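**Q** Provided herewith is a single structure, encoded as structure tokens, for subsequent inquiry.
All of the numbers you see were taken from the coordinates with simple rules; none came from a lab. Not measured: the values here are computed from a predicted model. Virtual Cβ from ideal backbone geometry, glycine too; neighbours counted across all protein chains shown.
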Amino acid sequence: MNIKAFLSLALLIPPAEYAAELPSQFNGLGGASLRAAVADEYSPVAPGAEVIDMKGGRDVTEYFDPFGGTVVDATGWHYGMIVPDSWLEGDAPVDMYNLLMLSGETDAARKDYPVGKVDNPAYDNGIWRAGTTVVAGLPIGFYEPPTNFRGDFARVFFYYVAVHSPRELTPRGYTMLDGSMYPAFTPYAMTVLMDYHRSDPVSDDELRRVDMISSVQGNRNPFVDYPVLAEYLWGDRRDEVVEIPGEPVALRGTYRLSDERIDLVSNYVPDDAAWSVDGKSVAGNYLVPARLGKGKHQLRYTTPSGAAGMLTINITD
């Protein structure tokens with residue numbers, strides 16, 4: 001599929017609806033372990049020539065404009081990166097989700113600034129703004145994406161840091177990235193991007209773009225399919241683990257007396273394990289915190305194959 005056909009077909013293919021609930025493989029995970037599960041499940045499958053062609057694409061005469069929702073003349077336009085490679089040492093991975101088409105004028109004004117509020121615009125074409133804002137007494141360069149595209153931007157940032165391993169940062173990246181596997185973002189970036197994510201929900205155009213890219217690259221953006229996922233990683237539910245109704249939740253170190261149950265399951269323990277708590281055999285496949293009582297409790301397991309192990313849980317108020 002050439003780039004023109006790819007972008008033009010985006011107008012013709014109806015978007016898939018995004019899912020309301022998280023998939024079962026995320027159950028019981030949170031924080032760094034949840035981010036790792038996203039990377040395992042949603043990394044690019046086939047980042048090959050089609051993706052590289054999309055990045056180069058200088059002979060394109062038409063493209064799908066995500067702001068206007070139509071195919072337009074692409075003369076003088078080219079591809080830029082949402083997460084700029086100048087923020088990272090070494091070669092940035094080529095990923096179709098991280099690419100967008102901009103006029104040369106807009107791309108030059110946007111530069112490789114972080115996203116944020118622009119108080120003193122040097123560029124404003126009615127869609128994009130770029131300029132400076134005084135931070136701690138110094139004018140700092142920022143750009144503002146189009147209002148109806150800010151959530152799309154945020155969800156690309158979320159996807160990019162979740163599926164690509166961090167590399168050493170250049171000074172250009174310090175405003176948005178912290179160089180870690182998780183949380184990967186600075187507190188500033190989490191605040192801005194979560195605000196973008198919440199204020200501009202997933203649209204049909206965004207779903208259509210994911211459908212098209214996944215047909216070539218082989219992976220979806222889970223933050224489009226499951227918007228609540230961002231809340232568990234960087235938002236209001238950051239200190240929680242994912243709990244899917246009807247699905248057992250993997251063992252963790254700490255529980256509350258008010259928690260309904262402690263499921264005796266773990267990714268590291270065979271399903272046929274027999275459990276005991278504080279030296280007493282467990283007849284079922286879960287425990288009730290209120291019955292165990294506050295404090296530390298020792299869990300042990302054995303399997304028919306001879307495997308055995310032990311872990312300690314703590315129940316708090």
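**Q** Extending each Cα 7 Å along its Cβ direction at Ala290 and Glu105, get the distance between those two points in nm, one decimal.
**A** 6.7
**Q** Could you work out how much longer the chain between Val134 and Val45 gets when fully extended? Use 0.36 nm per residue separation minus the Cα distance between them, nm to one decimal.
**A** Net length gain for the segment: 27.8 nm.
**Q** Roughly speaking, what is the stretch gain from Tyr268 to Tyr188, that is 0.36 nm per residue apart minus the C-alpha to C-alpha distance, in nm to one decimal?
**A** 25.2 nm
**Q** With a Förster radius of 45 Å, plug the Cβ-Cβ distance of Leu257 and Ala307 into 1/(1 + (r/R0)^6) and report the FRET value to the nearest 0.05.
**A** After rounding, the FRET efficiency stands at 0.90.
**Q** What distance in nm separates the two pseudo spin-label positions at Asp317 and Ala36, each 7 Å out from Cα along the beta-carbon direction?
**A** 3.3
**Q** Continuing with the same structure: Taking the Cα-to-Cβ direction at Asp119 and at Arg238 and moving 7 Å from each Cα, how far apart do the two end points lie in nm?
**A** Label at Asp119, label at Arg238, 2.4 nm between them.
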